[in-house]
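The values are calculated or read from the model by the stated rules, or taken from the named source; none is laboratory data. These numbers were taken from a predicted model, which means no experiment stands behind them. Cβ atoms come from the backbone with ideal geometry, glycine included; neighbour counts cover every protein chain shown.
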Amino acid sequence: MPYTKTIKFLVTVPANQPANSLLVGGNAQIVENELVGPVNEFVIPSTETWIIRDIYVKASPAIDVNIKIKKNRKYMIETGPVSSLLISNPSRRKLPMLGYEPNSKLSIEAVNLAPGQSTAQQVEVFADVLILP
């Protein structure tokens, strides 16, 4: 039976990072399970198909970023400034749904739209996923 879950895209903008820097690896991670923690790439379980239905932020980020969502290391979509994806914004842009077959790989990259502050900043972006067993 299908069910839904929320995963998190965790972007870390290092201190004093120049604007428009590409953030990858440990600075652009996915949290599928809080007990496991962030990973650079998530492999969809072999018995499931995932459909990302919505991407949003719960609060305006300290530093705005664009997130590039990848499937099997190929770019699928770019969010645009995540501040525009605030869940309470009734006119926020809806992104197209993304499908991930069994064993496909989900990863992200990000670009910070402003220079990093004096300390590292984290941006949390959430994705609503429909899981088909």
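Taking Ile69 and the conditions (1) over 14 Å from Lys5 (Cβ atoms); (2) assigned to a loop (DSSP other than H, G, I, E, B), which numbered condition does it fall short on, given that it satisfies the others?
Against the list (1) over 14 Å from Lys5 (Cβ atoms); (2) assigned to a loop (DSSP other than H, G, I, E, B), Ile69 comes up short only on (2).
Listed here are the residues, each with its yes/no results for (1) farther than 17 Å from Val24 by Cα; (2) surrounded by 14 or more Cβ atoms within 10 Å (Cβ to Cβ); (3) at pLDDT below 95; (4) in contact with a His (Cβ under 9 Å, 6 or more places away or on another chain).
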| position | (1), (2), (3), (4) |
| --- | --- |
| Tyr56 | yes, yes, no, no |
| Glu78 | no, no, no, no |
| Leu106 | no, yes, no, no |
| Leu113 | no, yes, no, no |
| Ser118 | yes, no, no, no |
| Val125 | no, yes, no, no |
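Take region 1-45 and flag every residue that is outside any loop (DSSP other than H, G, I, E, B), within 19 Å of Gln121 (Cα to Cα) and either in contact with a helix residue (DSSP H, G or I) (Cβ under 8 Å, 6 or more places away or on another chain) or aliphatic (A, V, I, L, M) (or both).
If the condition is that a residue be outside any loop (DSSP other than H, G, I, E, B), within 19 Å of Gln121 (Cα to Cα) and either in contact with a helix residue (DSSP H, G or I) (Cβ under 8 Å, 6 or more places away or on another chain) or aliphatic (A, V, I, L, M) (or both), then Leu10, Val11, Thr12, Val13, Leu22, Leu23, Ala28, Ile30, Val31, Val39 are the ones that fit.
Which ones in region 64-76 are surrounded by fewer than 20 Cβ atoms within 10 Å (Cβ to Cβ) and out of contact with any Pro (no Cβ under 8 Å at 6 or more places or on another chain)?
Residues satisfying the conditions are Lys68, Lys70, Lys71, Asn72, Arg73, Lys74, Tyr75, Met76.
Glu41 fails exactly one of the following numbered conditions: (1) at pLDDT 95 or above; (2) buried (at least 19 other Cβ atoms within 10 Å of the Cβ); (3) under 17 Å from Ile7 (Cα atoms). What is the number of that condition?
Condition not satisfied by Glu41: (2).
Pull up region 1-18, narrow it to residues that are under 19 Å from the mean Cα position of the chain (by Cα) and among the hydrophobic types (A, V, I, L, M, F, W, C), then point me to the one that is nearest to Gln117 (Cα to Cα).
Restricting to residues being under 19 Å from the mean Cα position of the chain (by Cα) and among the hydrophobic types (A, V, I, L, M, F, W, C), the top hit is Val13.
Can you list residue pairs whose Cβ atoms sit under 6 Å apart, with the first residue in region 59-74 being free of Cβ contacts under 8 Å to residues at least 12 places away in the same chain and the second being buried (at least 18 other Cβ atoms within 10 Å of the Cβ) and not aliphatic (A, V, I, L, M)? Count only pairs 6 or more apart in sequence or on different chains.
Close Cβ pairs satisfying both conditions: none exist.
Restricting to region 1-36, give me the number of residues that are surrounded by 18 or more Cβ atoms within 10 Å (Cβ to Cβ) and of a type in the set (Phe, Trp, Tyr).
1
Could you check region 74-133 and list, in sequence order, the residues that are touching a Ser or Thr at 6+ places or on another chain (Cβ under 8 Å), polar (S, T, N, Q) and either farther than 20 Å from Val39 by Cα or not in a strand (DSSP E or B) (or both)?
Ser83, Asn103
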